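Every number here is computed from the coordinates shown, using simple stated rules; none is lab data. None of these values were measured; they are calculated from a predicted model. Ideal geometry is used to build each Cβ from the backbone, glycine not excepted, and the neighbour counts take in all protein chains shown.
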Amino acid sequence: MDLQHWLGRANDAIQQWADTFGPYEQHPSLFVDDDRFAVAFEELTGRLKENYPFFHPRYAGQMLKPPHPAAVVGHLATMLINPNNHALDGGPATARMEREAVAQLAAMFGYDTHLGHLTTSGTIANLEALFVARELHPGRGIAYSADAHYTHGRMCHVLGMKGYPVPTDDRGRISIDALEGILRTGEVGTVVLTAGTTGLGAVDPVHSALALRDRYGVRLHVDAAYGGFFTLLAGADGPEGLPAEPWRAIARCDSIVVDPHKHGLQPYGCGAVLFRDPEVGRFYLHDSPYTYFTSSELHLGEISLECSRAGASAAALWLTFQVLPPTPDGLGRVLGAGRRAALHWADLITASDALELYQRPELDIVGYFPSVEPATLSGVDAASARVLADGMAGGDPVFLSTLKAGRDAFTARHPEVTADAEGARILRSVLMKPESEDHVQRLHDRVARLARP
Ligand SMILES: *Cc1c(COP(=O)(O)O)cnc(C)c1O
């Protein structure tokens, strides 16, 4: 896709539509001289250079990459109109697109019924899921793994609920035994399962948790903000295929959060929450004196805690799904390449004497650390920090990120390392760009060279 061509076409198409309403004059208060704008624009593009090259395969750090050109064109074309998906009055076309895109997400997870909508972020989407959980189980708390996103502990505080962190196993997955111990107290009403932790991409055993739901009468919420789209690789042939059980079990859980702005090729401002039981819409009931005039259909604002939301986000996702649908042959191919890249790098690290694998990647996140002598946590920590900094300095840069591993988590995986500190930073690379697949050897060689003292 030639972005320049399609951005021009987007502008033309919206202008043609606008022209059908007849000419009008722009108010002088909005007039900006082109020369003056040029100065500000130069400053903007100059300042934007103070960024890491998220688009380039040499960037193998955090969960960041630019949106697909289809998303950019969809977002920009729609932004010229700027519909608000709060209500059908604010954006009839984009409200329908949102419904269609959300239905595709629900189908991707195997939901046969759903109520859902887009949100501004995974944070808000999780807040909504926990809010509904509280309404259904008042007075009971929320359990989530110690490696779950910090938002769950924080949102428990916001919602006035008690949070119960559950220990993880030596792969970073929630311990089902420990979870059951907490559920036996009867104090927990909802369990959050993470399908792809933000730190290391660990997938909680959702299938094992299903039995606990019936035994203890709890709700199951799946936080798949980062990992959700990997369900497209569940049971797939080839090295990128994932074990089917946890992913298939998601269809039987009560709510799901997925972030199209992480693995759905979207710009920031696009999360989603899905409920299996459409009846939970009743908890959102409110009346608004300002909105909901044009239709007796359910408005998206009636099933969302947020009010104004960008119709452009829905249009961008909808347009992307027209050409790269959330199916194994569509988006699945994008995720497959990143996962193969992670597996390949893990093999290179395992064979290397300069680096050690922290744990085998489950999705597309590789955790690793420089081999140090003597092997101590403080030595690993210092070496990781040095590789991170040296990698970004000078020519042929490489951009990584670090992750703080606690003492117990580290020694559970690497008992040979002396625990002389509370924990250690390790190196972490999210290989979420399909281009990473062709770049892994170069990444590895560069990082291994940096790691050799
Ligand atoms: C990113 C993430 C969140 C938070 O989502 P935002 O879109 O950053 O607000 C929550 N949970 C998990 C597992 C995540 O990866």
May I ask you to derive the relative contact order of the chain, considering only C-alpha pairs under 8 Å and at least 6 residues apart, and to give it as an integer percent?
20 percent
Exposed GluC sites (Glu not before Pro) absent - longest run of the chain, DSSP non-H/G/I/E/B, at most 15 other C-beta within 10 Å
51-186
For segment 78-323, report the convex hull volume of the alpha-carbon atoms normalised per residue, in Å³, without decimals.
123 Å³
What lysines does Lys262 reach when the alpha-carbon gap must be under 25 Å and sequence neighbours fewer than 8 apart in one chain are set aside?
Lys49, Lys65, Lys404, Lys433
Phi-derived 3J(HN,Hα) across segment 224-236 with the Karplus relation (6.51, -1.76, 1.60, θ = phi - 60°), rounded Hz, x for Gly and Pro, is 10, 3, 7, x, x, 5, 5, 4, 5, 9, 5, x, 6
Calculate the FRET efficiency for Leu136 and Arg36 from the Cβ-Cβ distance with a Förster distance of 51 Å, rounded to the nearest 0.05.
0.35
Which far-off residues, 5 or more places away or on another chain, put their amide H under 5 Å from the one on Gly201, with H placed in the peptide plane?
none
Under the Karplus relation with 6.51, -1.76 and 1.60 and θ = phi - 60°, whole-Hz ³J(HN,Hα) for segment 77-93, x at Gly and Pro, equal 4, 6, 4, 5, 9, 6, x, 10, 7, 4, 9, 4, 5, x, x, x, 5
Please list, in order along segment 173-182, the HN-Hα scalar couplings obtained from phi with the Karplus expression 6.51 cos²θ - 1.76 cosθ + 1.60 (θ = phi - 60°), rounded to whole Hz, x for Gly and Pro.
9, 4, 7, 5, 5, 5, 4, 4, x, 6
Among Phe37, Phe109, Phe55, Phe283, which comes first, second and so on when ranked by fewest other beta-carbon atoms within 10 Å?
Phe37, Phe55, Phe283, Phe109
Can you give the three extents of the C-alpha atoms in the chain along their principal axes, from longest to shortest, in whole Å?
76, 59, 41
Alpha carbon centroid spacing (whole Å) that separates segment 171-197 from segment 382-409
32 Å
Any residue on another chain or 5+ positions along whose placed amide H is under 5 Å from the amide H of Gly269 is listed here as none
